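Worksheet: one structure, shown below.
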Amino acid sequence: MARQKLKAIVINRDWCKGCGICVHLCPKKVLELDAKDKAVAVRPEDCICCRMCELRCPDLTIEIQIEEGDNE
Amino acid sequence: MPVKDYLRERFFPHMWCPGCGHGTILNALIHAVEGLRLNKNEIVMVSGIGCSARISGYVDFHSLHTIHGRALAFATGVKLSKPNLKVIVPMGDGDALAIGGNHFIHAARRNIDITAIVMNNRIYGMTGGQFSPLSGPGVKATTAPYTTIDSSFDVVQLAKAAGASFVARSTAFHVKEATEMLTKAITHKGFSVVEILSQCPTHFGRKNKEGDAVNMLNLYKDNTAKLGSKALEEKPHLIPRGIFVDSERPEYCEEYDKIIAAAMKEKAS
């Protein structure tokens, strides 16, 4: 199976409560909390699309969009 | 259907504290429902009172927010009158096993086709952190400043003994596993119980020095082990995770339909 390619990490800032679960449990340390304690994707190029942040987020804030029909 | 379509977005951000495991359980449940491609109109969510019970307000299914501990009683009524609907009952540990303990064992005994989710954070969060029957001994709570002396229920053993035909346990850390178990529980015909350990960083974590939500999640990783795994064999004090019961037993609504059919036949002849 070809490796999944990230299209975008969409974070709903209005819903994020800054608990830091996504930041600390991301295997590639893609996310960080900004000055307002909201999650931001600072290293999206490292994302492996495991979607663990999306699934673990207690505030249903994160959506990992994956490039479709790409067979590179 | 995207996950957001199953939510009542107008009520977001939700009322749970930052890092609350209940949000993760809602997330897992929505993913399970989405994976099964269920129609929103086929699902009824019935909940009682407590932090956990607020979940019914956030999902765009048919929903009933009922009285403390009695969610399963209401759900039994819904299921008997509309057996075609999928009935999901999320409950907290106190809601399910203290206030609603009796309803819980009898719903399991009847094996009525309901999915019960026990969102176990081992404390009454909404009312300020009192200990619950699932806290266990040696736990600090607002009502137990010198630690509790009460033993806790084992939800899995209790559900098993009462007759539930599907019993599983997971945690808010193991989201993929939890989603899988919820999927199986929803499709299972009969009373299914899924216990999901959920962190309460605000009350349980703070009182018991378990740190923040991330730390509590890591404790779930360290203190649990998969059923049948080597880790569990070597360290039997770990909390086992997995599917404990998956059996077939006559389902309550079907048995009731048989009684109706028999009675109508007698009346007609």
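The values are calculated or read from the model by the stated rules, or taken from the named source; none is laboratory data. These numbers were taken from a predicted model, which means no experiment stands behind them. Here Cβ is always computed from backbone atoms with ideal geometry, including for glycine, and neighbour counts include all displayed protein chains.
Within the range B:128-167, the residues that satisfy the criterion of being crowded, with 18+ Cβ neighbours inside 10 Å and out of contact with any Ser or Thr (no Cβ under 7 Å at 6 or more places or on another chain) are B:S132, B:A144, B:F153, B:V155, B:V156, B:L158, B:A159, B:A162, B:G163, B:V167. For the range B:59-70, the count of residues that are among the small types (G, A, S) and either more than 25 Å from B:F104 (Cβ to Cβ) or within 14 Å of chain A (Cβ to nearest Cβ) (or both) is zero. Here B:A185, B:A168, B:A263, B:A162 are screened, and the one residue that is more than 14 Å from chain A (Cβ to nearest Cβ), without any contact (Cβ under 8 Å) to a residue 12 or more places away in the chain and not basic (K, R) is B:A263.
Let's see how each residue does on (1) over 19 Å from B:V175 (Cα atoms); (2) within 10 Å of chain B (Cβ to nearest Cβ); (3) assigned to a loop (DSSP other than H, G, I, E, B):
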{"site": "A:K7", "(1), (2), (3)": "yes, no, no"}
{"site": "A:W15", "(1), (2), (3)": "yes, yes, yes"}
{"site": "A:C19", "(1), (2), (3)": "no, yes, yes"}
{"site": "A:K28", "(1), (2), (3)": "no, no, yes"}
{"site": "A:E32", "(1), (2), (3)": "yes, no, no"}
{"site": "A:A35", "(1), (2), (3)": "yes, no, yes"}
{"site": "A:D59", "(1), (2), (3)": "no, yes, yes"}
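If B:R206 meets every condition in (1) basic (K, R); (2) within 30 Å of B:K86 (Cα to Cα); (3) surrounded by fewer than 19 Cβ atoms within 10 Å (Cβ to Cβ) apart from one, which number is that one? Against the list (1) basic (K, R); (2) within 30 Å of B:K86 (Cα to Cα); (3) surrounded by fewer than 19 Cβ atoms within 10 Å (Cβ to Cβ), B:R206 comes up short only on (2). Taken as a whole, the structure leaves B:N111 outside the set of residues that are closer than 26 Å to B:Y6 by Cβ, out of contact with any strand residue (DSSP E or B) (no Cβ under 8 Å at 6 or more places or on another chain) and either among the small types (G, A, S) or in contact (Cβ under 8 Å) with a residue 40 or more places away in the chain (or both).
Against the criterion of being buried (at least 20 other Cβ atoms within 10 Å of the Cβ) and of a type in the set (G, A, S), B:S269 does not qualify. I'd like the residue in the range A:37-48 that is within 14 Å of chain B (Cβ to nearest Cβ) and in a loop (DSSP other than H, G, I, E, B) and, out of all such residues, is farthest from B:K176 (Cα to Cα). Out of the qualifying residues, it is A:D37.
Pairing residues of the range B:29-42 that are within 12 Å of another protein chain (Cβ to nearest Cβ) with residues that are surrounded by fewer than 17 Cβ atoms within 10 Å (Cβ to Cβ), at Cβ distances under 6 Å and at least 6 apart in sequence or on separate chains, gives B:I30/B:V3; B:E34/B:V3.
Entry remark, the range B:196-235: residues being in a loop (DSSP other than H, G, I, E, B) and under 30 Å from B:T143 (Cα atoms) number 8 in total.
Can you tell me which residue within the range A:15-72, out of those that are of a type in the set (V, I, T) and under 27 Å from B:V59 (Cα atoms), is surrounded by the most Cβ atoms within 10 Å (Cβ to Cβ)? Among those that are of a type in the set (V, I, T) and under 27 Å from B:V59 (Cα atoms), it is A:I21. When B:L219 is tested against the conditions (1) within 21 Å of A:H24 (Cα to Cα); (2) under 12 Å from the mean Cα position of the chain (by Cα), the lone failure is (2). None of B:A96, B:A116 is part of a helix (DSSP H, G or I) and buried (at least 17 other Cβ atoms within 10 Å of the Cβ) except B:A96.
Inspection of the range B:183-195 finds a residue satisfying the criterion of being hydrophobic (A, V, I, L, M, F, W, C), modelled with pLDDT of 95 or more and part of a helix (DSSP H, G or I). Looking for something buried (at least 21 other Cβ atoms within 10 Å of the Cβ) and either part of a strand (DSSP E or B) or over 14 Å from the mean Cα position of the chain (by Cα) (or both) - is there at least one such residue anywhere in the range B:67-74? Scanning the range B:67-74, I find no residue that is buried (at least 21 other Cβ atoms within 10 Å of the Cβ) and either part of a strand (DSSP E or B) or over 14 Å from the mean Cα position of the chain (by Cα) (or both), so the answer is no. Would the range B:73-86 turn up any residue that is of a type in the set (A, V, I, L, M), within 14 Å of chain A (Cβ to nearest Cβ) and closer than 30 Å to B:S152 by Cβ? Checking the range B:73-86: not a single residue is of a type in the set (A, V, I, L, M), within 14 Å of chain A (Cβ to nearest Cβ) and closer than 30 Å to B:S152 by Cβ.
With respect to (1) free of Cβ contacts under 8 Å to residues at least 12 places away in the same chain; (2) on the phi < 0 side of the Ramachandran plot, the lone exception for B:G211 is condition (2).
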